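These notes are about the structure you will find just below.
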Amino acid sequence: MGFDVQMEHDDRYDLADEYLQVVYALWEGGWADDAVMRDRSRGIYTDPRRVHLVRHHGKQFRVDAVLLWEPSPQHTPVLYGGRLRSWPRIRRPPRRVRVRQLQHQTECPRASGGV
C-alpha cells in the first residue's frame, strides 16, 4: 500500500479532492434524514430503503458502498484545513469543500459589556 515515490504537488491535491468527493457523497447522500426509526416495539432501528448505496468511480478511488453508521444530525462534520496559499493558483478549492483557516490570535478577546 502506498507509493514508491512522492506524488507531484497538483496530483496530491487531485487525490485529496477526490477523497473529499467520496466522503461527502457518503456523509450527505448515504442516509436519508428519516432513515433512523428507532422503533423498539417492532425491533427496527433503520429503514434499509432509506440507506443508499454510494457509487464513485474516479481516478484514485472506486467506491460502491453504504455508510455503515448513522450520520450525525448535520450529516457533514465541520472541516478545518491548512493554508489555502499552497493551493495551486490556477485552481480554486472545490466549492463543496468547506475550509476555515485558523488565524493566530495575539490578543485575548474581551467579553461584551465591559469586563
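No value in this document is a laboratory result; all are computed from the given coordinates. Computed from a predicted structure; not experimentally measured. Every residue, glycine among them, receives a Cβ derived from its backbone with ideal geometry; neighbour counts consider all protein chains shown.
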For ARG40 and HIS56 in the same chain, what is the full-extension length gain: residue separation times 0.36 nm, less their Cα-Cα distance, in nm? 2.3 nm
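Quick one: length gained pulling GLU70 to ARG49 fully straight, 0.36 nm per residue minus the C-alpha distance? Walk me through the intermediate numbers first.
On the way: separation 21, 0.36 × 21 = 7.56 nm, distance 1.40 nm.
Stretched fully, the GLU70-ARG49 segment lengthens by 6.2 nm.
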Label model pair VAL63, LEU15: point-to-point distance (7 angstrom along the Cα→beta-carbon line) in nm is 1.7
Provide Rg and Dmax in Å for segment 9-86, with only Cα atoms included in the calculation. 15.8, 55
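Order of 41-48, 59-66, 2-9, 16-23 by packing, highest average Cβ count within 10 Å first? Walk me through the numbers on the way to the answer.
Details: 41-48: 9.9, 59-66: 12.4, 2-9: 7.2, 16-23: 16.1.
The densest-packed peptide leads the list: 16-23, 59-66, 41-48, 2-9.
With Cβ to Cβ distances under 15 Å as the rule, what net charge do the other residues near VAL51 carry (K, R +1; D, E -1)? Walk me through the intermediate numbers first.
Details: positive: ARG38, ARG49, ARG50, ARG55; negative: GLU28, ASP33, ASP34, ASP47, ASP64, GLU70.
Summing Lys/Arg as +1 and Asp/Glu as -1 gives -2.
With Cβ to Cβ distances under 15 Å as the rule, what net charge do the other residues near ASP33 carry (K, R +1; D, E -1)? Let's see the in-between values first.
Numbers: positive: ARG38, ARG49, ARG50; negative: GLU28, ASP34, ASP47, GLU70.
Cβ neighbours under 15 Å give a net charge of -1.
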